[in-house]
Each structure stands twice: as C-alpha cells, then as structure tokens.
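So the structure is just underneath, and the comments pick up after that.
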Amino acid sequence: MSSSASARAVTAAEPPMPGLPIKLRTENVGMAFLRDDKTLPVLENINLEVGNGEFVCLLGPSGCGKSTLLSAMAGFLRPTSGAILIDGEIVRGADPRRIFVFQERGVFPWLTVEGNIGFGLRKLPAKERAERVGHYIQMVGLEGFEKSYPHELSGGMKQRVEVARALAVNPDVMFLDEPFGALDSITRMVMRIELLRIWQAERKTILFVTHDIDEAVQLADRVVVMSARPGRIQQIVSIDIPHPRDISSPRYLELRDGILSQIGLAHRLLVISAAHRKQNAGSGHSSPRRSFFYFGDTR
Ligand SMILES: Nc1ncnc2c1ncn2[C@@H]1O[C@H](COP(=O)(O)OP(=O)(O)OP(=O)(O)O)[C@@H](O)[C@H]1O
Ligand SMILES: [Mg+2]
C-alpha cells in the first residue's frame, strides 16, 4: 500500500486547496508556557495556510498542542513567537466574526435551547433574531425543543445546540475543538453528517480539532497531522474524495492507512488486524469502520 499520493513532508507554509484565497495563515508560530519556573515548549514552527471555505482538521496526540493552536488562531492566546493572520491582518484578540466551540461542554444551563442559540444575537431586532434562531433550530433538527433546558436534552442534542449557536452568529471562521468528543459513536456519525451538510450549504472556513483519524478523513479537505509535544506539523494530507465519502472505498482506506503509517502505528495495527481477521475467518475482509485514535483515546 502506498501513501505517497497523500503524504508529504512539511517544510514551509502549506498552501490551501488550489483555487481558494487564503483566509488564515500562521507564520512560524511557536508557543511556550511557564510551568514550575521552567519553560514548556508546546508548539514549534507552525506554518500553515487555510483557504476561504476550507475544512481543515488538526489531528494529533493528546497534549501535542491542538487546543493551544486553535485558541491562538481564534485570538484567545498570543503566540510566544511568530504570527497568525486572518484576512491578512494579525489576530490580536477574539473577534465576534469567528466562533469557537470548546472541548468542554459550553451550553449555558440556565438558558433554553432558543435562549442559547440566540445568545450571540441580542443586538438584532426581536423579529430577525427569532427568525435566525428558528432557522438554525430547524437546521440541526431541534424543532419541538425550543423551550427545553440543557438538562432536558441528550448529549448529542446539547452539542447540536452548541453548533447551532455557533452558526447562528454567521461566523466566517469556525474553530471546533473536539466538538463531538463526548458523544457515542452513532451520534458522532450523525453529527459529522450534519456538520458536513451545514458546511456544504454555508461554506464557512472550519478548523476542527480531533484525535480520531477516521473523523478527520471523513470530514476534512486537508488533515494536518501534528507530532507529539512540542507540536509541529508532521504532514499534511489532502483528502481528495468527494462527499459523501464511502468509508469502505480503497481510496479512503489508503488515505487513512497512509496517516497511520506516517505516525508509526501501521505496523502495530497490522498485528491487531491480523488477529481480527483470524477471529473473523471467512468474512473475507477486516472492518473499515473501526475508529483509530492517534496514540489512544484519552477521554
Ligand atoms: N495555560 C496553560 N498553562 C500551562 N500549560 C498549558 C496551558 N495550556 C496548555 N498547557 C500545556 O500545553 C500542552 C498542550 O495542551 P493542549 O491542551 O493544547 O493539548 P491538546 O493537543 O489539545 O490535547 P488533548 O488532545 O488532550 O485535548 C499540555 O502539556 C498542557 O499541559
Ligand atoms: Mg485539546
């Protein structure tokens, strides 16, 4: 199996998908934190260009600096070195045009579904606000739950509220930090399909953090694979499969296995697969639907 079509070593700023104007650019971004009087390097030499309307996944092991990089891109953290630019301007702080969905659950428990989704729209006239809230409630399939409070919703519904709240403010960039991390596998799949549907309809620029390799290959135009801390860009993989993606197609498996191979897991997984095939002797093939997590799922 060859991964040459998909994987390249990363040396300089990686351009976005061909034909897309650049929306976000990182230039030699580095980040270090002070801990116990020692400097902890977390990110090094992050050079990346993201196209307008592009869907980019940041994939890497726990603790490699994905959330830190996303927070810096969104303006919540100032990089220790280098610069981050959006629309050619240096990011100096959070901006209401850009929205961040946090790794930890972020719905407001004291607000109803419509209160949560309308939270960022308080400046709009009431009629317009109600229309916008209604539109996104419908888009994420929460009709009938407008007056419900978060404790009355399932985990997946709460995450849909978060995604709807993010979309309702009509952001031009969405930063999503493992937004489906706490969900069961079926709800995750449904949420991925919903996010893709919304992205295809609205073409936001999306930066999506995950350490689930399948999630990245199912969603992204490009997957940015990061090394363990201090996080660097190890490789960038273009996922040249149109949506909806057939996750049992040879190309899907080739791209996914190319990433596994790049991060040095292919050999270990081959051993597991061989054991799996032996167990399922007669079925003819191994399951392409199992999820692989980069260096383990730490949740
Ligand atoms: N504010 C902070 N002060 C000190 N250290 C921090 C701070 N934020 C993050 N770190 C450290 O930076 C490293 C990267 O953290 P980060 O949360 O970015 O990782 P991550 O890739 O998102 O991991 P995970 O997949 O587990 O969410 C960790 O070692 C963490 O302890
Ligand atoms: Mg994180």
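The values are calculated or read from the model by the stated rules, or taken from the named source; none is laboratory data. Please read these numbers as outputs of a predicted model, since none were measured by experiment. Cβ placement follows ideal geometry from the backbone for every residue including glycine, while neighbour counts extend to all protein chains displayed.
Some points to look at:
- Pair list, Cβ < 9 Å and 6+ apart or interchain, from the stretch 217-228 residues that are within 17 Å of PRO61 (Cα to Cα) to residues that are surrounded by fewer than 22 Cβ atoms within 10 Å (Cβ to Cβ) and among the basic types (Lys, Arg): VAL217/ARG245; MET226/ARG232
- The single condition among (1) within 12 Å of ligand 1 (Cβ to nearest atom); (2) touching a helix residue (DSSP H, G or I) at 6+ places or on another chain (Cβ under 6 Å); (3) part of a loop (DSSP other than H, G, I, E, B) that VAL42 does not meet is (3).
- The residues of the stretch 77-126 that are hydrophobic (A, V, I, L, M, F, W, C), within 16 Å of ligand 1 (Cβ to nearest atom) and modelled with pLDDT of 95 or more, listed by number, are LEU77, ILE84.
- Within the stretch 55-73, the residues that satisfy the criterion of being surrounded by 24 or more Cβ atoms within 10 Å (Cβ to Cβ) and near ligand 2 (Cβ under 10 Å from one of its atoms) are LEU58, GLY60, CYS64, GLY65, LYS66, LEU69.
- Residues satisfying the stated conditions in the stretch 228-249, i.e. closer than 12 Å to ILE46 by Cα and of a type outside the set (A, V, I, L, M): PRO230, GLY231, ARG232, GLN234, GLN235
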